[in-house]
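Engineer: My questions will all concern the structure given below.
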Amino acid sequence: MVKITRIKYDRRGKTTLTASSLDKFMERMTKDDSRNTVLVFRNFVSMTQNHYGRGRRWTGDYYLMHQMPSFLPSLDISNDKQGNETMRAFNGIVTLSVDHIDEETDLEAVKRVAAMMPMTLAAFIGSTGTTVKILVKVEPKDGHAITTEEEAEEFCSLSYDIVVKMYDAVINHNVQMAASAREGNCLYAGFRLPLDPKPYYNPKASAMRIETIAQGKPLQVTQPINDRQFTGEDGFMSDSDSDIRQMLEYLKSRYEFRYNMLEYVPEMKILAKPNYGWLPLDAQRFNSILLDMQSSGLRIWDKDFNRYLHSQKVIIYDPVQDYLYDLKLKWDGIDHIGRLADCLPTDCKQWKLWFRKWFIGMVAQWLGYDRRYGNSVAPLLISRQGYNKSTFCRRLLPPQFKQTFIDNLDVAEKKATLIAMAQSLLINLDEFNAIAPRIQQGFLKNIMQLPTVKVKLPYARSIETLPRRASFIATTNMTDILADPSGSRRFIGVELTAPIDVTTSINYDQLYAQAIDAIYKGERYWFDQQETEELIAHNRKYQMLSPAEQYFRLCFEVCQDPSEGEYLSAAAIFQRIKQVAGSSLGISAVTKFGQFLTNIDGIVRKRTNSGMVYLVRQIQRVNS
């Protein structure tokens with residue numbers, strides 16, 4: 001359990017250090033205390049920032065400051081017997097502050113953007129009500145354990161140098177290191193008592209790995225983190241009359257731009273026509289804006305404009321993250337996921353439980369919660385034609401994301417499949433029986449568990465590592481469909497007993513609010529070992545049997561008790577089956593047949609002096 005440091009001041013200026021649980025701290029900030037300590041402080045701040053009475057201004061000296069404790073997230077410290085401060089633990093947390101935010105909607109927007117970053121541990125409104133504090137997880141890339149305060153200070157200095165610039169580019173606001181309780185000491189950066197009814201908190205945030213060694217020497221911080229020495233306001237050039245700067249002024253006076261992280265394209269808004277909303281910046285619009293700038297006398301080329309659109313000066317927008325973030329704490333308590341599962345009639349008793357786990361896993365995949373594994377399981381809907389399988393799959397996504405549903409993907413086209421996994425939310429493997437067994441056993445089984453994809457997007461200069469978005473679902477009209485025994489754990493085979501109900505309306509906001517609630521409460525959305533074994537056993541009925549396995553089951557059956565069968569070598573079993581199957585067995589060498597036997601589910605084997613033997617019971621005796 002992470003413990004942060006709480007600093008309490010009394011009226012005489014004496015400090016008291018105590019450890020505070022981060023979980024309890026996040027819960028504590030959702031409501032003010034009985035004295036309305038934070039609200040009173042915010043009223044004071046508001047009045048000091050405006051004229052009070054007859055043109056007079058408050059001095060800014062807050063007489064109740066002793067009631068406003070401070071918190072240091074980076075470390076857990078205490079006083080020893082001599083009264084000296086001692087670091088008990090370094091938490092691997094740095095604290096950022098986004099200051100001077102005027103509107104409540106802007107505060108929430110900053111929190112929402114910060115929540116998109118996988119290393120964001122928490123984001124909440126600060127004590128003044130005009131700032132957002134962001135806690136970021138960091139760790140040394142080389143795995144070195146930090147045990148001393150000197151090491152922690154050096155690592156924090158380096159971390160702030162990197163993290164501040166990264167978040168400043170994404171949030172597109174004045175991001176800096178939070179104020180320090182010790183001037184010039186990064187390790188002691190923190191904040192006063194905050195108040196936020198809806199803070200963002202992700203205790204499973206992935207730590208950003210910071211490189212601490214370069215060319216055999218420690219990296220040096222060359223300037224204070226909060227000393228922003230850009231050569232110009234936008235970080236391009238210092239000459240205010242340059243064409244680049246004039247281009248930026250021209251664009252900002254007429255347009256807003258953002259980069260859509262779902263479709264990996266820039267978008268634009270025309271300030272003079274706000275009713276148009278956000279528009280994709282296609283080639284026609286790009287060229288029109290470029291020509292307008294050139295007609296205004298600016299010596300700007302397309303590469304200059306394009307460089308700006310694909311720089312960190314354009315805000316990042318993620319429509320999926322925005323949609324899901326707005327649903328936090330809005331679930332009405334009704335089991336909407338279960339209702340959706342009930343639309344599919346089946347005799348499979350585990351269907352409802354398995355579907356819930358897959359659905360929550362799909363949403364977690366969109367949020368990028370697990371950076372090590374992808375949502376590696378897919379429902380496989382089995383029935384004859386006309387049972388509304390494809391329609392059910394399409395209805396799983398909210399209307400605004402329908403364009404991210406794909407049901408005509410050729411999985412054999414590897415590059416197209418990888419791009420689809422990065423740019424779509426749900427891929428329906430329609431007519432699953434049309435996928436060749438070698439694709440099932442190889443490429444498909446591999447990509448279904450990937451957390452990221454490496455691919456070169458159209459018009460990109462190089463291969464990129466992109467977060468995987470898409471989860472899979474599949475449909476088929478055949479029951480003997482799974483070609484790979486070891487890959488059967490990737491699918492939830494479910495036979496329909498009647499057509500799926502696609503007439504009942506779906507409350508998408510509540511459906512996904514329920515999933516978000518389950519994720520934030522820590523519900524497990526992946527299959528553990530026991531559930532995986534149950535899934536494999538369940539899917540045996542849908543296994544596509546090779547000729548060798550069909551003939552094996554015709555002549556033998558697997559048993560567990562030696563008294564019920566006999567141990568035979570692969571050669572002996574092969575010869576007996578060969579008498580029945582002849583050339584139609586499909587395997588001509590005993591070596592390959594031994595490999596086949598090893599992969600049969602549940603078969604008992606042991607090694608003897610004469611080689612490997614297998615425990616089987618003969619069903620049909622073959623006359624020699």
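Engineer: Kindly provide the trypsin sites (Lys or Arg not before Pro) of segment 485-525 that DSSP labels as loop, not H, G, I, E or B, and whose Cβ sees at most 15 other Cβ atoms within 10 Å.
Structural biologist: On the way: sites: Arg489, Arg490, Lys521, Arg524; in loops: Lys521, Arg524.
When the trypsin sites (Lys or Arg not before Pro) of segment 485-525 are filtered for loop state and at most 15 Cβ neighbours within 10 Å, Lys521, Arg524 remain.
Engineer: Follow-up question, since we're still on this one. Go through Pro399, Val377, Tyr387 and say which Cα lies farthest out towards the positive end of the charge dipole of segment 365-406; charges sit on Cβ, +1 for Lys and Arg, -1 for Asp and Glu.
Structural biologist: Tyr387
Engineer: What is the gain in length, in nm to one decimal, between Lys349 and Arg299 on full extension, counting 0.36 nm per residue of separation less the C-alpha to C-alpha distance? Don't skip to the end; give the middle numbers.
Structural biologist: Numbers: separation 50, 0.36 × 50 = 18.00 nm, distance 6.88 nm.
Length gained between Lys349 and Arg299: 11.1 nm.
Engineer: Could you state the accessible area per residue of the chain in Å², with a 1.4 Å probe and every protein chain left in place? Write out the running numbers ahead of the final one.
Structural biologist: Values: 31850 Å² over 624 residues.
Per-residue accessible area for the chain comes out at 51 Å².
Engineer: Probe radius 1.4 Å, ligands and nucleic acids ignored: give me the carbon and sulfur share of the accessible area of the chain as a rounded percent.
Structural biologist: Ligands and nucleic acids excluded, carbon and sulfur give 48 percent.
Engineer: Follow-up. As an exercise, use a Förster radius of 41 Å and the Cβ-Cβ distance of Thr532 and Thr504 to find the FRET efficiency, rounded to the nearest 0.05. List each step's numbers first, then the result.
Structural biologist: On the way: r = 32 Å, r/R0 = 0.77.
The value I calculate is 0.85.
Engineer: Using amide H atoms built in the peptide plane, which far-off residues or other-chain residues are under 5 Å from Lys141 H to H?
Structural biologist: Long-range HN contacts for Lys141: Ile210, Glu211, Thr212.
Engineer: Loop only per DSSP, at most 10 neighbouring Cβ atoms within 10 Å: give me the GluC sites (Glu not before Pro) in segment 79-116, ordered by residue number.
Structural biologist: Glu103
Engineer: Now for a different question. Provide the FRET efficiency to the nearest 0.05 for the Gln403-Asn174 pair, computing r from the beta carbons and using R0 = 41 Å. Please list the in-between numbers first.
Structural biologist: Numbers: r = 35 Å, r/R0 = 0.86.
After rounding, the FRET efficiency stands at 0.70.
Engineer: Packing-wise, with mean Cβ within 10 Å as the measure, how do 555-565, 427-437, 130-140 rank, highest first?
Structural biologist: By packing density, highest mean first, the sequence is 130-140, 427-437, 555-565.
Engineer: Another question, then. Starting from the 7 Å offset along Cα-to-Cβ, what nm value, one decimal, do you get for the label separation of Ile603 and Leu554?
Structural biologist: The two pseudo-label positions are separated by 1.7 nm.
Engineer: Here are several values of P(r) over Cα pairs in 20 Å bins from 0, in percent: [x] 15, 39, 31, 12, 2, 0; [y] 19, 55, 23, 3, 0; [z] 18, 41, 25, 13, 3, 0. Which one was derived from the coordinates shown?
Structural biologist: [x]
Engineer: Report the extension gain between Asp80 and Ala572 in nm, rounded to one decimal, defined as 0.36 nm multiplied by the number of residues separating them, less their alpha carbon distance. Could the numbers behind the result be given before it?
Structural biologist: Numbers: separation 492, 0.36 × 492 = 177.12 nm, distance 7.63 nm.
That works out to 169.5 nm of additional length.
Engineer: So what is the 222 nm mean residue ellipticity for the chain from helices alone, if each DSSP H run of at least 4 adds -39500 (n - 2.57) and you divide by all residues, rounding to the nearest 500 deg cm²/dmol? Spell out each step's value before the answer.
Structural biologist: Values: 17 runs with 188 residues, N = 624.
Rounded to the nearest 500, it is -9000 deg cm²/dmol.
Engineer: From the backbone phi of segment 377-392, what are the Karplus-calculated ³J(HN,Hα) couplings (6.51 cos²θ - 1.76 cosθ + 1.60, θ = phi - 60°) in whole Hz, Gly and Pro given as x?
Structural biologist: Residue by residue, segment 377-392 yields 10, 9, x, 10, 7, 10, 5, 6, 4, x, 9, 6, 5, 5, 5, 4 Hz.
Engineer: Checking the a/c ratio against 1.5 first, then a/b against b/c, what shape does the Cα gyration tensor give for segment 83-143?
Structural biologist: Note, shape of segment 83-143 comes out oblate.
Engineer: Still on this model: Pull up the cross-link candidates among the lysines for Lys578, meaning alpha carbon to alpha carbon under 17 Å and not fewer than 8 places away within one chain.
Structural biologist: Once the sequence-local lysines are set aside, what remains near Lys578 is Lys592.
Engineer: Taking 0.36 nm per intervening residue step and subtracting the Cα-Cα distance, what contour gain separates Met478 from Thr18 on full extension?
Structural biologist: Going from the current span to full extension adds 159.2 nm.
Engineer: Moving on. Once you place label points 7 Å from the Cα toward the Cβ at Ser34 and Thr391, how far apart are they in nm?
Structural biologist: If labels sit at Ser34 and Thr391, their model points lie 6.0 nm apart.
Engineer: Something else about it: For the pair Met166 and Ser253, what calculated FRET efficiency results from E = 1/(1 + (r/R0)^6), where r is the Cβ-Cβ distance and R0 = 35 Å, to the nearest 0.05?
Structural biologist: 0.80
Engineer: Using a 1.4 angstrom probe on the protein heavy atoms only, line up Lys141, Lys357, Lys578 by accessible area, largest first.
Structural biologist: The residues order as Lys141, Lys578, Lys357, largest area first.
Engineer: Okay, moving on. Rounded, prolate or oblate for segment 306-347? Axes are the square roots of the Cα gyration tensor eigenvalues, ordered a ≥ b ≥ c, and the cut-off for rounded is a/c under 1.5.
Structural biologist: Verdict is oblate for segment 306-347.
Engineer: Continuing with the same structure: If amide H atoms are built 1.01 Å from N in the plane of the peptide, which residues on other chains or at least 5 residues away come under 5 Å of the amide H of Val453?
Structural biologist: When sequence neighbours closer than 5 places are left aside, the close amide H contacts are Leu466, Arg468.
Engineer: Between Arg285 and Tyr264, what is the label-to-label distance in nm when each label sits 7 Å out along the Cα-to-Cβ direction?
Structural biologist: Result: 2.0 nm between the two label points.
The values are calculated or read from the model by the stated rules, or taken from the named source; none is laboratory data. Values in this document were obtained by computation on a predicted structure and should not be read as measured data. All Cβ positions, glycine included, derive from the backbone under ideal geometry; neighbour counts span all protein chains shown. To get the accessible areas, we keep the full protein, side chains included, count just its heavy atoms, and leave off ligands, DNA and RNA. Shrake-Rupley method; radii C 1.70, N 1.55, O 1.52, S 1.80 Å.
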